[in-house]
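So the structure is just underneath, and the comments pick up after that.
The values are calculated or read from the model by the stated rules, or taken from the named source; none is laboratory data. All values reported here derive from a predicted model rather than from experimental measurement. Positions of Cβ are backbone-derived with ideal geometry, glycine not excepted, and every protein chain shown enters the neighbour counts.
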Amino acid sequence: MKVLLVNGSPREKGCTYTALSEVAKSLKAGGVEPVFYSIGKKPVHGCIECGKCRETGKCVFDDYVCNELLGRMQQADGIVVGSPVFYAGPNGALCAVLDRIFYCGAPTLANKPAAAVVSCRRGGASAAFDRLNKYFMMSRMPIVTSQYWNSVHGNTPDEVRRDLEGLQTMRTLGRNMVWLLQSIRQAKLSVPKQEPWIATSFIR
């Protein structure tokens, strides 16, 4: 089994990577392969709601990250998305990518266990954490929990490594991901049948 660890920071080896690396330790210990993916620093498009992805299954903007990352998420058994906290929210580039991925590919990710991880210097972690979790909640993806909100604190990787409670939270998250993946595999249950979506507007 494989879990994709998405580093949504422009810094490939920064604080977010440090947190994800701690999750990876527990995954490896549980016999699950961690696979890292970094969105990097290149500019990314935001979603323009053109609807072309409904026809093709991929975003019309075939930039370096969106369609590639969607494919990797589809192939993974579980997903962990990590981000630094910018103005009490996730990295804007990461959100732009996730908007497009979930707009065109959410049905292909349903029932896949997922979790969010955030890294901040001081505050805003819970708001950013909440934003990332909404992608999973709206896509029928089981959210993997830990012992606390999945956040680490520090302004440098070295400071993050001194956040002992934060690192323990990351390790617990990794162990819980392993447990859920193993439980799903052993149960061999069919996924719940879904009703056709009823879309309503509050002004009608």
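The table below lists the values:
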| item | result |
| --- | --- |
| Some residue of region 17-29 being touching a residue at least 40 places away in the same chain (Cβ under 8 Å), surrounded by 20 or more Cβ atoms within 10 Å (Cβ to Cβ), closer than 20 Å to CYS95 by Cβ and of a type in the set (Ser, Thr, Tyr) | yes |
| Hits in region 161-204 - residues which are in contact with a Lys or Arg (Cβ under 9 Å, 6 or more places away or on another chain) and farther than 30 Å from ALA29 by Cα | PRO192, GLN194 |
| Selection from region 136-159 of residues that are farther than 20 Å from GLY78 by Cβ and of a type in the set (Gly, Ala, Ser) | GLY154 |
| Filter result for the condition that a residue is without any contact (Cβ under 8 Å) to a residue 40 or more places away in the chain and closer than 17 Å to ASN150 by Cβ, over GLY78, GLY123, GLY92 | GLY123 |
| So VAL191, is it in contact with a Cys (Cβ under 7 Å, 6 or more places away or on another chain) and either touching a residue at least 40 places away in the same chain (Cβ under 8 Å) or among the aliphatic types (A, V, I, L, M) (or both) | no |
| Criterion (surrounded by fewer than 21 Cβ atoms within 10 Å (Cβ to Cβ) and on the phi > 0 side of the Ramachandran plot) met by exactly one of ARG140, ARG161, ARG131 | ARG140 |
| Among the residues listed as LEU94, LEU69, the single one being buried (at least 18 other Cβ atoms within 10 Å of the Cβ), in contact with a strand residue (DSSP E or B) (Cβ under 8 Å, 6 or more places away or on another chain), hydrophobic (A, V, I, L, M, F, W, C) and farther than 24 Å from VAL178 by Cβ | LEU94 |
| Test: residue in region 177-192 that is at pLDDT 95 or above, of a type in the set (Phe, Trp, Tyr), in a helix (DSSP H, G or I) and under 14 Å from VAL117 (Cα atoms) | no |
